[in-house]
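Have a look at the structure below before the remarks.
Please treat every number below as a calculation from the coordinates, not as lab data. Every value quoted in this text rests on a predicted model; they were computed, and no experiment measured them. Note that each Cβ is placed from the backbone with ideal geometry, even for glycine, and that neighbours are counted across all protein chains shown.
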Amino acid sequence: MAEAALRGDYTRAGADYAVEQDWAAYTDAEHALYRRLFERQAKLVPHYACPEWQAAIAGLEGVSEKIPHFGRLSEKLRRATGWEIVPVPGLIPDEAFFTHLANRRFPVTVWLRKPEEFDYIVEPDVFHDFFGHVPLLFDRTYADHLYEYGKGGLKAMRLDAVKMLARLYWYTIEFGLTRTKAGIRAYGAGLLSSGGELAYCVDDPRPQRRPFDLERIMRTEYRIDRYQDTYFVIDSFEHLMRETAPDFTPIYARLKSLPSFRPDEK
Ligand code: HBI
Ligand code: FE
């Protein structure tokens, strides 16, 4: 991980890359920017977020006015699904990331974007990580999948297959869509926290929406700097859990020698 290119303060991070959140250090201006981000998404999520995300955010008080206090959130989260939040300076190396997930800890970045990054940010900040990822950790099936994903990540490192597994994370946890009784909805954190892509991923006719297909996902490249050309749609978190239950070792072995697909490939 080229930490030099990252903006967070890694100097006080522990071996597991955990830092203190230092909630008192957030300024009123930062809380106000966070509130504006929250208010923008609050208009969109009733129409585009999956029901599980909506149910979870409704149960979290005080998270719309100020940057959430991770310690208080973790107390609630532990009681719900046994997960907790680990404050981190930003992106952390794969092994640390997978190890946290495999111990039911979700890394949440402690810093907030700058006002000029209101519409787009490259690295995940506290708004992306909290608003996009944390509510679904209150859903038992989703949380169990992420726990399995973390253990699978450590195994993928041993098998030199992290690139394929990272695509699974990208097309589910970050940019996944799900069927619901009311139609297709977003559950991916990159979608839920995005001012523009949240409506685009459901409404726009340009991107293709493919049924969840593990091997296709593992072979499909992705771009981090633009809206997705392809979304994969699960039927439910139980469906995602079932589809990713098998041992990936033989799949990695088979896919390793096959060409990948461009993000927009039909
Ligand atoms: N670190 N803080 C943080 N958040 C992530 O989502 C993250 C990471 N490090 C590695 C990583 N994601 C990817 O390698 C995985 O998605 C595979
Ligand atoms: Fe994310």
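The Cα-based radius of gyration and maximum Cα-Cα distance (Dmax) for region 92-233 are 14.9, 41 Å.
Rounded if a/c is under 1.5, else prolate if a/b is larger than b/c, else oblate: which is region 125-169, with a ≥ b ≥ c the root eigenvalues of its Cα gyration tensor? All intermediate terms of the calculation are to be shown ahead of the outcome.
Details: a/c = 3.16, a/b = 1.69, b/c = 1.87.
Note, shape of region 125-169 comes out oblate.
List the trypsin sites (Lys or Arg not before Pro) within region 193-264 that DSSP assigns to loop and that have no more than 13 neighbouring Cβ atoms inside 10 Å. Let's see the in-between values first.
Working: sites: 209, 216, 219, 223, 226, 242, 254, 256; in loops: 223, 226, 256.
Qualifying residues, ordered by number: 223, 226, 256.
With R₀ fixed at 41 Å, the C-beta to C-beta distance from residue 40 to residue 157 puts the FRET efficiency at about 0.65. Of the trypsin sites (Lys or Arg not before Pro) found in region 1-74, those in coil by DSSP whose Cβ has at most 12 other Cβ atoms within 10 Å are 12.
Averaging Cα coordinates gives a centre for region 116-130 and one for region 209-231; these two points are 21 Å apart. A simple packing score, the average count of other Cβ atoms within 10 Å per residue, orders the peptides 200-208, 159-167, 85-93 as 85-93, 159-167, 200-208, with the highest score first. Using a simple spin-label model with pseudo-atoms 7 Å out from Cα toward Cβ, residue 213 and residue 79 lie 4.5 nm apart.
Annotation: Cα Rg of the chain relative to the compact-globule expectation 2.2 N^0.38 Å equals 0.96. Restricting the GluC sites (Glu not before Pro) of region 58-91 to loop positions (DSSP other than H, G, I, E, B) with no more than 14 neighbouring Cβ atoms within 10 Å leaves 61, 65.
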